[in-house]
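Data block below; observations after.
The values are calculated or read from the model by the stated rules, or taken from the named source; none is laboratory data. Note that this is a predicted model, so its numbers are computed, not measured. Note that we place each Cβ from the backbone using ideal geometry, even for glycine, and neighbour counts take in every protein chain shown. For the accessible areas, the whole protein counts, side chains as well, though only heavy atoms, and no ligand, DNA or RNA atoms are used. Shrake-Rupley method; radii C 1.70, N 1.55, O 1.52, S 1.80 Å.
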Amino acid sequence: MGILLSGRGSNMAALVRACREDDFPAQVVLVLSNEPDAPGLAKAHDLGLEVAVMDHRGQVRQVFEQKIDRALRAADVDVVCLAGFMRILSPWFVARWPILNIHPSLLPKHKGLNPQQQALDEGVDESGCTVHLVTTTVDEGPILIQQRVCVLPTDTADTLAQRILALEHQCYPQALRLWCEQQPNANAHEYADARKEDPP
Ligand code: GRF
């Protein structure tokens, strides 16, 4: 898998830990960030992973995504995991790759930014996290796994985010395992032909 991130990288680290277990059906071959200073990138480097930076600034989205696409193909990636990647992906990119994303809410509730604060503002008594397949609409797409936490009367957005994050670290590897097990062959090569073609 290739992991795309923009920040802290705790979900990336959780995926890497899972991949290092004996029977896990995937391995991380590339960690790529659009933010050169993302702490997650340094963390990935320290974990001994291949890392790449594709800065989105100063280039149109098509060129930015073509560079990511080339890097993923060069690393022989079969599936992309978004782990706090803060760029919206175009329909072109989404059609080219199987992509998983994790979001800290019980989708379809609380899409977009600050979902934990959205949960508090709405006064819900439970929230959680969702791992889903990425489609062209942000924070939508078939759900692989959801897990719930209670929202406490004393919660702030930060305390709720911390409890959800701990769940995310269990949930993302489980969802990736599930996705791998659903593929007709271990390398998911039904996407390979499309990826071998160079973009227009
Ligand atoms: C996580 O809460 C994830 O659900 C969301 O972005 C955050 C990334 O955190 N999409 P980290 O960089 O993995 O620590």
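Couple of notes before you dig in:
- Boolean, residue 88 is among the β-branched types (Val, Ile, Thr), without any contact (Cβ under 8 Å) to a residue 40 or more places away in the chain, within 13 Å of the ligand (Cβ to nearest atom) and on the phi < 0 side of the Ramachandran plot: no
- If you go through the range 38-53 and keep only what is open to solvent by 70 Å² or more (accessible area, probe 1.4 Å) and either within 14 Å of the ligand (Cβ to nearest atom) or in a helix (DSSP H, G or I) (or both), you end up with 39, 43, 45, 46.
- Scanning the range 67-94 for residues that are open to solvent by 10 Å² or more (accessible area, probe 1.4 Å), part of a helix (DSSP H, G or I) and within 29 Å of residue 147 (Cβ to Cβ) gives a single hit, 94.
- Here residue 35 meets each of (1) part of a loop (DSSP other than H, G, I, E, B); (2) touching a strand residue (DSSP E or B) at 6+ places or on another chain (Cβ under 6 Å) with one exception, condition (2).
- Here is the figure for the range 95-106: residues that are crowded, with 20+ Cβ neighbours inside 10 Å and either in a strand (DSSP E or B) or out of contact with any Cys (no Cβ under 9 Å at 6 or more places or on another chain) (or both) total 7.
- Residue within the range 142-157 that is farther than 27 Å from residue 25 by Cβ and of a type in the set (Ser, Thr, Tyr) present: yes
- Failed item, numbered, when residue 177 is tested on (1) at pLDDT below 95; (2) open to solvent by 20 Å² or more (accessible area, probe 1.4 Å); (3) in contact with a helix residue (DSSP H, G or I) (Cβ under 8 Å, 6 or more places away or on another chain); (4) charged (D, E, K, R): (1)
- Pick from the range 12-32, criterion closer than 27 Å to residue 63 by Cβ and in contact (Cβ under 8 Å) with a residue 40 or more places away in the chain, ranking: surrounded by the most Cβ atoms within 10 Å (Cβ to Cβ): 12
- Residues of the range 48-85 that are touching a residue at least 12 places away in the same chain (Cβ under 8 Å) and of a type in the set (D, E, K, R): 50, 55, 61, 65, 67, 69, 73, 76, 78.
- Any hit, the range 116-131, residues being open to solvent by 20 Å² or more (accessible area, probe 1.4 Å) and under 23 Å from residue 35 (Cβ atoms): yes
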